[in-house]
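Since the structure comes first, as structure tokens, the remarks are kept for the end.
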Amino acid sequence: MLVERIVGSLDPGVPARWRLAALLHDGPEYVIGDMISPFKAVIGESYKSVEARILAAIHMRFALPANTPAALTRLVKQADSVAAFIEATRIAGFNVAEAEQFFGRPKVAMRNIEALMAPMDSAHAETLFLARFRELEDEMNSGEN
């Protein structure tokens with residue numbers, strides 16, 4: 001959810017369908033588990049191919065294009081880096097200099113993320129995720145964008 005909120009902060013005009021894509025961007029990790037980037041690099045294109053196929057299937061399930069526009073992909077990647085910086089400094093115990101070394105310094109003013117950064121159990125996280133999913137789905141269905 002954090003990445004979707006950051007995408008909205010980076011570009012408030014992003015339509016609901018692309019914010020939904022941002023919300024679902026880590027969907028393949030639900031299916032195959034989260035792996036650290038160095039391990040993904042060792043596996044190489046095979047891993048990226050499987051991950052892309054799963055993400056395309058998730059998109060199709062939720063009436064999104066299998067492939068998102070390159071501009072959105074870049075925006076989600078940028079938001080993911082900002083989220084990694086925030087998680088590193090607020091959750092994982094990195095100091096700012098360490099986080100900057102690994103993730104770069106975020107170039108975005110963050111608003112309304114404190115609630116998303118508070119520790120919560122998985123049931124509460126699921127409730128928040130599904131509520132946000134429904135908000136975006138309703139926005140898409142109403143034709144707001």
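Read-outs: derived from the displayed coordinates by stated rules, not from any lab. This one's a predicted model, so the numbers in the text were calculated from it and none came from an experiment. Here the Cβ positions follow ideal geometry from the backbone for every residue, glycine too, while neighbour counts run over all protein chains shown.
Using a 10 Å cut-off on Cβ atoms, rank the peptides 92-104, 17-29 from the highest mean neighbour count down. The partial results should precede the final answer.
Details: 92-104: 12.7, 17-29: 20.9.
Highest-to-lowest ranking by the protection proxy: 17-29, 92-104.
Need one number: convex hull volume per residue for the chain, Cα atoms only, in Å³.
On the way: hull volume 18.1 nm³, N = 145.
So the per-residue Cα hull volume is 125 Å³.
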Computed [θ] at 222 nm, helices only, for the chain once each DSSP H run of length n ≥ 4 contributes -39500 (n - 2.57): -21000 deg cm²/dmol
The chain - charge dipole about Cα centre, Lys and Arg +1 at Cβ, Asp and Glu -1, debye rounded to 20: 380
Options ALA84, ILE43, MET60, ranked by Cα towards positive dipole end of the range 1-115, top entry (Cβ charges): MET60
Per-peptide average of other Cβ atoms within 10 Å, ordering 121-128, 76-83 highest first: 76-83, 121-128
